[in-house]
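S.K.: Before anything else, here's the structure in question.
The values are calculated or read from the model by the stated rules, or taken from the named source; none is laboratory data. Note that the coordinates shown come from a computational prediction; the quantities given were computed from them, not determined experimentally. Because the Cβ atoms are built from the backbone with ideal geometry, glycine has one as well, and the counts that use them run over all protein chains shown. Side chains included, ligands, DNA and RNA excluded: accessible areas come from the protein's heavy atoms. Shrake-Rupley method; radii C 1.70, N 1.55, O 1.52, S 1.80 Å.
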Amino acid sequence: MIQHEIKKIGIFSELTPDEFARLLPYIREQHIPKATELFHQDDPGDAMYLITRGGVRIYRYSSAGREITLALLRTGQFFGEMSLLDGMPRSANAMTTENTDFIILKRNDFLNVLKSSPGIAIKILKDMSVRVREADAMIEDLALLNVYERLIKYINGLIKTEGKKEGYYTVITGNIKRQDIANAIGSTRETVSRIFSAWQKKGYIKILPSRMLVYRDMSMNMGKK
Ligand code: CMP
């Protein structure tokens with residue numbers, strides 16, 4: 001059973017039987033309910049988390065108390081490795097977005113796994129490189145796009161992953177919370193609400209309970225104030 005769970009984790013997916021045997025004694029499993037804060041920015045780091053089922057949001061607060069979402073992590077991904085590697089405090093906050101199962105590796109166990117399994121160490125470095133690239137893209141968006149353009153990019157992302165064509169509209173289902181969108185694009189709930197109202201008045205989008213309709217030909221015009 002545990003072998004099956006471990007294989008769900010990207011960095012452990014190609015373990016040799018030998019590596020698996022070395023890893024097994026270090027593994028602790030834990031179930032954590034939705035909306036639990038796992039740790040806070042600036043806490044000391046004592047463990048790394050690997051998600052075997054569920055989701056986690058990584059986020060930071062500004063000094064004015066505004067929140068920005070850095071990443072939404074899913075089954076198969078890991079986090080909490082940075083403070084274990086550099087010995088600094090936690091770089092961000094982490095909260096479960098749903099009931100989530102984890103494998104947890106304590107600091108020394110994590111470091112031992114890295115030392116004894118170069119294959120795992122290389123996979124972690126690869127994932128960390130992907131995250132730096134994503135962070136670079138986020139910095140570029142925050143520095144070079146205005147809030148309208150960031151919101152359009154965010155909605156186009158939703159259209160790509162979840163959109164279904166219905167006549168002249170693309171439909172995005174689910175309860176899309178303005179605060180969550182604001183956190184993802186580095187804005188405020190009020191600003192997102194104001195832009196949505198303007199776009200609704202112009203007929204670019206329609207917001208209904210649990211779904212948003214985006215008028216397809218208009219999505220290019222939404223950035224125009
Ligand atoms: P750590 O600093 O120990 O605790 C917070 C964790 O959030 C960090 O390790 C990383 O695993 C993760 N994290 C921090 N910044 C990002 C980011 N930009 N993208 C994805 N994950 C991140």
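S.K.: Return only the number of the condition from (1) within 16 Å of P118 (Cα to Cα); (2) of a type outside the set (F, W, Y); (3) assigned to a strand (DSSP E or B) that A21 does not satisfy.
M.R.: Result: A21 fails condition (3) only.
S.K.: Answer yes or no: is there a residue in region 15-29 that is touching a residue at least 12 places away in the same chain (Cβ under 8 Å) and closer than 16 Å to N99 by Cα.
M.R.: yes
S.K.: Answer yes or no: is there a residue in region 66-76 that is out of contact with any strand residue (DSSP E or B) (no Cβ under 9 Å at 6 or more places or on another chain) and modelled with pLDDT under 95. Spell out the reasoning first.
M.R.: Within region 66-76, the first condition is being out of contact with any strand residue (DSSP E or B) (no Cβ under 9 Å at 6 or more places or on another chain), and the residues that meet it are 66.
Subset that is modelled with pLDDT under 95: 66.
Yes.
S.K.: I would also like to ask the following. Residues E81, E98: which one is under 18 Å from I11 (Cα atoms) and in the same structural domain as K123 (by TED's automatic domain parsing)? Please lay out each step first, then the result.
M.R.: Numbers: E98 fails: under 18 Å from I11 (Cα atoms).
After ruling out the rest, the residue left standing is E81.
S.K.: List pairs: first in region 156-182 and in contact (Cβ under 8 Å) with a residue 12 or more places away in the chain and of a type outside the set (V, I, T), second in a helix (DSSP H, G or I) and surrounded by fewer than 11 Cβ atoms within 10 Å (Cβ to Cβ), Cβ under 8 Å, 6+ apart or cross-chain?
M.R.: Y168/D217
S.K.: Within region 7-39, restricting attention to residues that are of a type in the set (A, V, I, L, M) and touching a strand residue (DSSP E or B) at 6+ places or on another chain (Cβ under 7 Å), which residue is most open to solvent (accessible area, probe 1.4 Å)? Explain how you work it out, then say what you get.
M.R.: Step one: list which residues in region 7-39 are of a type in the set (A, V, I, L, M), which gives 9, 11, 15, 21, 23-24, 27, 32, 35, 38.
Applying the additional criterion that residues be touching a strand residue (DSSP E or B) at 6+ places or on another chain (Cβ under 7 Å) yields 9, 11, 27, 32, 35, 38.
Numbers: I9: 0, I11: 8, I27: 25, I32: 17, A35: 63, L38: 29 Å².
Ranking the qualifying residues of region 7-39, first place goes to A35.
S.K.: Using the structure shown, decide if S83 is of a type in the set (S, T, N, Q) and within 11 Å of the ligand (Cβ to nearest atom).
M.R.: Taking the combined requirement at face value, the residue satisfies it.
S.K.: Do we find a residue being among the aliphatic types (A, V, I, L, M) and in contact with a Leu (Cβ under 7 Å, 6 or more places away or on another chain) anywhere in region 196-207?
M.R.: Taking region 196-207 as the starting set, the residues that turn out to be among the aliphatic types (A, V, I, L, M) are 198, 205, 207.
Now drop any that are not in contact with a Leu (Cβ under 7 Å, 6 or more places away or on another chain), which leaves 205.
Yes; the residues of region 196-207 include at least one that is among the aliphatic types (A, V, I, L, M) and in contact with a Leu (Cβ under 7 Å, 6 or more places away or on another chain).
S.K.: Given the structure, is L70 assigned to a helix (DSSP H, G or I) and either surrounded by fewer than 16 Cβ atoms within 10 Å (Cβ to Cβ) or within 9 Å of the ligand (Cβ to nearest atom) (or both)?
M.R.: Details: assigned to a helix (DSSP H, G or I): no; either surrounded by fewer than 16 Cβ atoms within 10 Å (Cβ to Cβ) or within 9 Å of the ligand (Cβ to nearest atom) (or both): yes.
Spelling it out, it is not the case that L70 is assigned to a helix (DSSP H, G or I) and either surrounded by fewer than 16 Cβ atoms within 10 Å (Cβ to Cβ) or within 9 Å of the ligand (Cβ to nearest atom) (or both).
S.K.: Right, next: Output the residue which, of all residues in region 89-114 that are away from the ligand (no atom under 11 Å from the Cβ) and hydroxyl-bearing (S, T, Y), is most open to solvent (accessible area, probe 1.4 Å).
M.R.: Within region 89-114, the match that is most open to solvent (accessible area, probe 1.4 Å) is T97.
S.K.: Continuing with the same structure: T52 - would you say it is near the ligand (Cβ under 10 Å from one of its atoms), touching a residue at least 40 places away in the same chain (Cβ under 8 Å) and in contact with a helix residue (DSSP H, G or I) (Cβ under 6 Å, 6 or more places away or on another chain)?
M.R.: Values: near the ligand (Cβ under 10 Å from one of its atoms): no; touching a residue at least 40 places away in the same chain (Cβ under 8 Å): yes; in contact with a helix residue (DSSP H, G or I) (Cβ under 6 Å, 6 or more places away or on another chain): yes.
No, not satisfied.
S.K.: Among the residues of region 101-124 satisfying the criterion of being among the aliphatic types (A, V, I, L, M) and touching a residue at least 40 places away in the same chain (Cβ under 8 Å), which is farthest from I58 (Cα to Cα)? Lay out the reasoning, then the answer.
M.R.: Looking only at region 101-124, we keep the residues that are among the aliphatic types (A, V, I, L, M), and these are 103-105, 111, 113-114, 120-122, 124.
If we keep only those that are touching a residue at least 40 places away in the same chain (Cβ under 8 Å) too, we end up with 103-105, 113, 120, 124.
Working: I103: 17, I104: 17, L105: 18, V113: 24, I120: 22, I124: 17 Å.
Per the stated criteria, the residue is V113.
S.K.: Would you confirm, using the coordinates I've provided, whether S197 is part of a helix (DSSP H, G or I), open to solvent by 50 Å² or more (accessible area, probe 1.4 Å) and not assigned by TED's automatic domain parsing to the domain that holds M95?
M.R.: On the way: part of a helix (DSSP H, G or I): yes; open to solvent by 50 Å² or more (accessible area, probe 1.4 Å): yes; not assigned by TED's automatic domain parsing to the domain that holds M95: yes.
Considered against the rule, which asks whether it is part of a helix (DSSP H, G or I), open to solvent by 50 Å² or more (accessible area, probe 1.4 Å) and not assigned by TED's automatic domain parsing to the domain that holds M95, S197 comes out as yes.
S.K.: From the list D136, D86, D127, which one is of a type outside the set (V, I, T), touching a residue at least 24 places away in the same chain (Cβ under 8 Å) and open to solvent by 40 Å² or more (accessible area, probe 1.4 Å)?
M.R.: Checking each option against the conditions leaves just D127.
S.K.: Taking into account only those residues within region 40-67 that are among the aliphatic types (A, V, I, L, M) and more than 29 Å from R178 (Cβ to Cβ), which is surrounded by the most Cβ atoms within 10 Å (Cβ to Cβ)?
M.R.: From region 40-67, those among the aliphatic types (A, V, I, L, M) are 47-48, 50-51, 56, 58, 64; that's our starting set.
Subsequent filtering for residues that are more than 29 Å from R178 (Cβ to Cβ) retains 47-48, 50.
Numbers: A47: 19, M48: 24, L50: 26.
That would be L50.
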